[in-house]
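The values are calculated or read from the model by the stated rules, or taken from the named source; none is laboratory data. Everything quoted here is computed from the prediction, not taken from an experiment. Every residue, glycine among them, receives a Cβ derived from its backbone with ideal geometry; neighbour counts consider all protein chains shown.
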Amino acid sequence: MHDTVPTQVRTVQITRLARNGRWKMPTGDRLISLLLLAPSVVAIAVFVYGFIGFTGFASLTRWDSLVPDFSFVGMHNYVVLFSTTRFQIDLRNTVTFTVLFLVCCLSIGLSLALMLDRGIRGEGVFRSIFLFPLALSFIVTGVVWRWLLNPGSVQLGSTGINLLFDLLGLGFLKTGWYTDPRIGIKAVVIAATWQMSGYVMAMYLAGLRGIPEELREAAIVDGATGFQVYRHVILPLLHPITLGAIIILGHISLKIFDLVVAMTGPGPGFSSDVPAFFMFDTTFRGDNFSQGAGIAVIILIMVAVLIVPYLLYSLRAEAQP
Amino acid sequence: MPRVATYTALTVLAAIYLLPIYVLIITGLKSFEEVNLYRMWDLPAAFSLETFARAWLGSESQGFRGLSNNFWNSVRLTVPATLLSALLGSINGYVLSKWKFRGADGLFMLLLFGMFIPYQSILIPLVQALRSIGLYGSIAGLIFAHVVYGIPITTLIFRNYYATVPGELVEAAKIDGAGIFGIYKSVMLPVSMPAFAVVMIWQFTSIWNDFLFGVIITPRPAVQPITVALNNLAGSYIVEWNVQMAGALLAALPTMLVYILLGRYFMRGLLAGSLKG
């Protein structure tokens, strides 16, 4: 009799209570399914959560040489970190980078998507061009942009973008880029935006394509101008995409490392230094493992603040029928 | 905004976006005599491959290694790691979508968090662990790390993909007497090709382009993947800037080709990972 067999996959309880109320071990296929999943679950439990725990533990110890020393020093490393000039600059750079990066990527990505959504010829080519940088390694991007934003020298002349400005009669726009401590990490924003804005464009395009034509038509019938249609109908519907983009880009920018390594390094006066670089530097060059662990924990907390609420929100959204 | 204005704006923007690629390519194609930092934007007078040759083979006289060895290291790393993590993702996605249990979704969220963690938070114990199982400093160790930390994203893509396979097909197969493996073979696998394409292209790109694991796990230059070698090349004072650019292009070639030829699947991987929730 299959009239009660569900036609959709439903969650099935693995904890079947036997008649005497005790948990009954799953058998057969159900058991195999769990066994198939087990290696990955164990791997993530150990290599993600276990390791994070170890790192947290290490940050509370006095492990500052190649020989592990796990004596407990409480919050000492964190106190030291927050009073270290380099780390303070790092945190400031992170905020600067994140804000600029998000603003630029979102505005450029949205503009590109809005322009491409109009059903123009050659849309595929344009899309491919803007998305292309995403296929590159941050190291490749860093090497290229290091030379593009190399200002050149007073004696020998300009190069890179500065040279281009000269050639186009825009010489007044020349700056020292990453060699200028006042600019520092903002130069890295340019490279990062070049790399990632296509991603935002793709997300917005997908979202725009998902908006039913009837909504736009209904608004026009109600007398809305083109601009008003965008402002009151389309853009509000894109809010979830904006949120998703902020989450994705935000967590990338908080842990940005490769790009800084290849493009600028810490820079004059640490003007392009970032926590992830500091962590690498102090741990694997300076052997100060407990300090590195402390930086890692702080980066993790910053990322968690961004990601965990979003994951919980997704979980709840998915659970709804 | 009128169409002409849109086209113009898009063309100008496209040109701006292509500037770095333009410089990358023409610099690599210039002969040594032509290369001049202060004439960066000039087209080459004649095409020459000597810069690429120098970047690929290195230079005894100047004392730097080329990228050829590291290119093959990257291949040896990326191909197995991509295949393994795709397989793992497929199995996990299958179980989590068609053999659900109470708490499966919560477990999945815990798995997913692993996709977002900053790897700095696991580097120190990772090195210790790899050392203790003898995989530190080897490509095998790199493969291991990439497969483990690739579990979340590959599982995500497959799980969401398999969730679109109608439950009726699974039930029908069960009625026909198929067990867990039978269902996988007869229902899941036949429709899995697009998902495998997306996952493999995404993983290939991520793993080939990775730097952090490469620089931490394989400190010896002979074993390093090409991204690490490129960074060393670019950071060296004795290597001319045009050789660095040529090296960058060589390092970028595989993922560039994958993108140009299989961009459609690349896009799908992008959007799958963006958790439209």
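Details
- Of the residues making up region A:197-213, one or more are polar (S, T, N, Q), more than 21 Å from A:L91 (Cβ to Cβ) and modelled with pLDDT of 95 or more.
- Residues that are out of contact with any helix residue (DSSP H, G or I) (no Cβ under 9 Å at 6 or more places or on another chain) and among the charged types (D, E, K, R) number at least 2 in the following helices (runs of 4 or more DSSP H) confined to region B:154-225: B:167-175.
- The criterion of at least 3 residues that are at the interface with another protein chain (Cβ under 8 Å from one of its Cβ atoms) and touching a residue at least 12 places away in the same chain (Cβ under 8 Å) is met, among helices (runs of 4 or more DSSP H) falling completely within region A:27-125, by A:51-58.
- Of all residues in region B:230-244, none are at pLDDT below 95, more than 16 Å from the chain's Cα centre (by Cα), on the phi > 0 side of the Ramachandran plot and assigned to a loop (DSSP other than H, G, I, E, B).
- Top-ranked residue of region B:200-221 - restricted to ones that are within 11 Å of chain A (Cβ to nearest Cβ) and hydroxyl-bearing (S, T, Y), ranked as surrounded by the fewest Cβ atoms within 10 Å (Cβ to Cβ): B:S206
- Tally, over region A:252-275, of residues that are at the interface with chain B (Cβ under 9 Å from one of its Cβ atoms) and under 30 Å from A:P68 (Cβ atoms): 7
So that you can scan it fast, the table gives a plain yes or no per residue for (1) over 23 Å from A:F101 (Cα atoms); (2) surrounded by fewer than 18 Cβ atoms within 10 Å (Cβ to Cβ):
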| residue | (1), (2) |
| --- | --- |
| A:G226 | yes, yes |
| A:Y230 | yes, yes |
| A:L238 | no, no |
| A:L243 | no, yes |
| A:K255 | no, no |
| A:P268 | no, yes |
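- Residue count for region A:276-297, restricted to those that are within 8 Å of chain B (Cβ to nearest Cβ) and in contact (Cβ under 8 Å) with a residue 24 or more places away in the chain: 5
- Tally, over region B:168-199, of residues that are aromatic (F, W, Y) and either surrounded by 16 or more Cβ atoms within 10 Å (Cβ to Cβ) or modelled with pLDDT under 90 (or both): 2
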